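Comments concern the structure below.
What follows is calculated from the coordinates using simple rules that are stated; it is not laboratory data. This structure is a prediction, so every number in the text was calculated from the model and none was measured. Please note: Cβ atoms are built from the backbone with ideal geometry, for glycine as well, and neighbour counts cover all protein chains shown.
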Amino acid sequence: MRVKRPLCAAAVIWAAAIWLLGWAGVPFFSCHSPRLPGEVQDENILVTGIVYQKDIYETITNLYLKKANLIILEKEYPIDNLKIKIENQILSKPAEPGDMAAVWGKLEEIPKAANPGQFDERIYYYARKIKWYMDGEKFQALQKETDPVLAAQEKIRERLAGGIQKAFGGEKSGIIEAMVLGEKGNLGQENKLLFQILGISHILAISGTHLSILGWGFYKVLLKCRFPIKASGILAAAGMVFYGGLTGNQAAAVRAVIMFGVSVGALLGKRTYDFLSALSLAAILILAESPLYLYDSSFLLSFGAVLGLAAVHPVLFPSKGNRNSRKLSGRMVSGLERGICSSISAWSILLPITMYFFCELSVWGFLVNLLILPTVGILLISGLAGGVLGLLPAAFPGQIGAIPGSVLLEWYIRGGKFLQELPVFLWITGRPGLWQCGIYYGILAVLLWLKSKVQRQEPDPGKKKSFWKKEIMKKWFPAGAATALGIGFFLLFFQPQEGILKVTFLDVGQGDCACIQQEPGSCYLIDGGSSSVSKSGQYRILPFLKEEGIRKIDGIFVSHMDEDHVNGIMELLEMSRDRKTGLKVDRLFLSECKETQEQRRELEKIGKAAGCQIFYIKKGSTVKKDKLKITCLSPEGDNMESNAGSQVLLAETEGCSFLFTGDVEDAGERKLLSTCREKEITCDVLKVAHHGSRNSTSEELLDVIRPVAALISCGKDNLYGHPHQELIRRLESRKIPAFQTEKTGAVSVVVKKEKIQVSFQYGKSMLE
């Protein structure tokens, strides 16, 4: 049996093999930490390598080294690529890509994602062959321009960036730099977020479309200049390779370069160019060089979009011959129709990928892309022209070249801000399971196969009609296909309920945050902040909420106003107020404390601006929803200092209880102990007070509440020595298992009918 398109079959087999080998834990195909030589000590060491990328910020510079070597006792040990963070004042001489450099510092493993939904740095950097972080203590440039190609690319990049800034100026230059050069250092956070909301952040990345436009444009220019076909093809391909390196050799760029090279080779060799085979070859080559790209969002989105256009579009929307119209209106209608069909084809593949990695969809994304995608080529060419002409001494040539791009960007930004103000602009979807994605793609594949089967059957009056030729098949196929695809679509959004109650203690570093879920789509939060992790609300709490499909927070309880309990909550409220997220917060539960009145008023102000109702609670206050009851056990008044006056909350449902103790200790804990004795309060799970400090969670309290398990939320290598060993011994002496977020990452406790299931990043246990 002859296999059609053997490269396509090989690509599928290779991807499946990578997944199986990764699942089995084979090092090259998984995210296992690399091993260092035994001679390496826990101290500063010397690393040499060639700088291939740099990112300059206000106070620090990130350098990326390739061909890195550890120097130990005058011996060299090769390691993978390295990311170095170094203060600008230490860089006495600027380091440029292509230079050989030596750096002294401490190697650190790239961390795994500490919480569900959090950006996984390890997968991202491992796919790019970067296996280590280093905080540089000392830097020395050893040799200039060791790699002349890298050096030349950097000089061109810097000059083009200067030309773009000169031509466009202001915030628009940062957008153009991202599109043309892959440089996002000058891309403002506001614009980045705006493009995400619009669902067009893909135009900010160096995509295969960008390179294809430039590659084929360069090829046609060479032909116009009367270059031979062969020379034009070779020069255009070489230009694509150089430009791909100039923009950082991202997965989408490498894919476009490979496919362009194959197309040019087919053209010059007078062979038939098969789009799907070229796409498969690109996938095989990229995954052979770095298998972990299989789990990278940029790789999957790039290949998914092209696969949609190559495999889905011809089947769903077969060509109906030449329908070009001489009238402008006819051409516009035809162009709009093609755009809609192309967008539907691409999104049929990209929808599960987008939901899986980003857990939200732009409500207006489909419409916005229809309007914007036809203009991206103009924007790209204008940006490149503005950058090149901006190199001239006079400013006006670059500014003239930048006019079309500036007009389009102004249109994008203004239109985006208008859409951002509409009632619904982002829809939090949650992360579908792999089984849900598999069922969706299975249904789509079967439907495409059936439709292509029907299309290939041509009428033959001399033969009896087969099943595929029967009118009933043609009549009922559209309705059946729509129903099946609708089922697959519904499954992507389906969120099964894990148990009666789910409580997740997030790893926010040195801080606290707990999420209580009773039903899909909503939750209660207890605290949210960190003193060791910056922007914990945006990068740790919100991603978790989005992964869980939580679109509404029924209420946020703020135990007290210390930053490690509240700064992440402020971020969430500010983002909701400024319409930077589709998350809504209904209520904010605060408690009086004379010591922190000013901070509390600021939080209250932000909460009201975000549309929250503000409630003040104290001992005896209760909040109920269905079978969940949250009772406030402390404080009694406003006369206690911040920690001692922390909210203490008891969450109960169907015979299972959780005790959240904030930072209560000393006088506050003594009052809590009295209340627990008086009301005979016990709990199944205890959130240990004050991150496991020595003066919290006394023996008397443990003996009264008798927890089955304890949770300690603290940061790795924190300055306070949390959790204190005396506390650990108190828990161990009572055989109370203690889960520490700095060791396990986020801890989820699922309450089921007869047992409690505790799960964390790398395992689970059952507590009866």
Worksheet item: When a footprinting reagent is the concern and you count Cβ atoms within 10 Å, what order do L408, L434, L371 take, fewest first?
Response: L434, L371, L408
Worksheet item: Do any of K192/K743; K502/K605; K629/K679; K417/K584 go past 22 Å between their Cα atoms, and which?
Response: K192/K743; K502/K605
Discussion item. Order these by the 10 Å Cβ neighbour count, fewest first: R226, R670.
Written reply: R226, R670
Worksheet item: What ranking do 127-135, 160-168 get when scored by the average of other Cβ atoms within 10 Å per residue, highest first?
Response: 160-168, 127-135
Worksheet item: How much net charge surrounds K546 when only other residues with a Cβ under 10 Å from its Cβ are counted (Lys, Arg +1; Asp, Glu -1)?
Response: -1
Worksheet item: To the nearest 0.05, what FRET efficiency results for D586 and R414 with a Förster distance of 30 Å applied to their C-beta separation?
Response: 0.40
Item to complete: Could you rank the peptides 172-179, 574-581 by their average count of other C-beta atoms within 10 Å per residue, with the highest value first?
Response: 172-179, 574-581
Response to the item:
Rounded to the nearest 10 degrees, the helix 328-358 long axis (Cα) sits at an angle to the longest Cα principal axis of the chain of 40
Discussion item. What is the angle, in °, between the Cα long axis of helix 597-609 and the longest principal axis of the Cα atoms in the chain? Nearest 10 is fine, range 0 to 90.
Written reply: 40
Discussion item. Can you return the lysines within cross-link range of K67? Criterion is Cα-Cα under 23 Å, with same-chain partners fewer than 8 residues away left out.
Written reply: K54, K75, K83, K85, K93, K106, K129, K131, K138, K144, K155
Worksheet item: Cα atoms only, region 465-616: Rg and Dmax in Å?
Response: 22.0, 86
Worksheet item: Under the classification rounded if a/c is under 1.5, otherwise prolate if a/b is larger than b/c and oblate if not, where does region 639-768 fall, given a ≥ b ≥ c as square roots of the Cα gyration tensor eigenvalues?
Response: oblate
Practice prompt. Would you mind ranking H32, H691, H724 by Cβ crowding within 10 Å, fewest neighbours first?
Written response: H32, H724, H691
Response to the item:
In terms of the alpha carbon gyration tensor, root eigenvalues a ≥ b ≥ c, rounded if a/c is under 1.5 and otherwise prolate when a/b exceeds b/c or oblate, region 42-146 is prolate
Discussion item. On C-alpha positions alone, give me the angle between the axis of helix 434-456 and the longest principal axis of the chain, in degrees, nearest 10.
Written reply: 20
Worksheet item: According to the square roots a ≥ b ≥ c of the eigenvalues of the Cα gyration tensor, what is the shape class of region 507-767, taking rounded for a/c under 1.5, prolate for a/b larger than b/c otherwise, and oblate for the remainder?
Response: rounded
Response to the item:
Candidate cut points under trypsin sites (Lys or Arg not before Pro) in region 603-661, DSSP loop plus at most 13 other Cβ atoms within 10 Å of their own Cβ, are K627
Worksheet, complete the sentence: In region 11-107, the GluC sites (Glu not before Pro) that sit in a DSSP loop and have at most 16 other Cβ atoms within 10 Å of their own Cβ are E39, E43, E58, E74
Practice prompt. Identify which of the listed values of log10 I(q)/I(0) by the Debye sum over Cα atoms at q = 0.04, 0.05, 0.09, 0.11 Å⁻¹ was calculated from the structure shown: (i) -0.16, -0.26, -0.93, -1.50; (ii) -0.20, -0.32, -1.00, -1.36; (iii) -0.31, -0.46, -1.09, -1.29.
Written response: (ii)
Worksheet entry | Within the chain, helix-based [θ] at 222 nm, where runs of 4 or more DSSP H residues each add -39,500 (n - 2.57), nearest 500 | -14500 deg cm²/dmol
Discussion item. Sorting check: for 565-573, 416-424, which peptide has the highest mean count of neighbouring beta carbons within 10 Å, and how do the rest follow?
Written reply: 565-573, 416-424
Fill in: Loop GluC sites (Glu not before Pro), region 674-726 (other Cβ atoms within 10 Å of the site Cβ: 10 or fewer; DSSP)
E680
Worksheet item: Which whole-angstrom value gives the distance between the alpha carbon centres of region 656-714 and region 410-452?
Response: 45
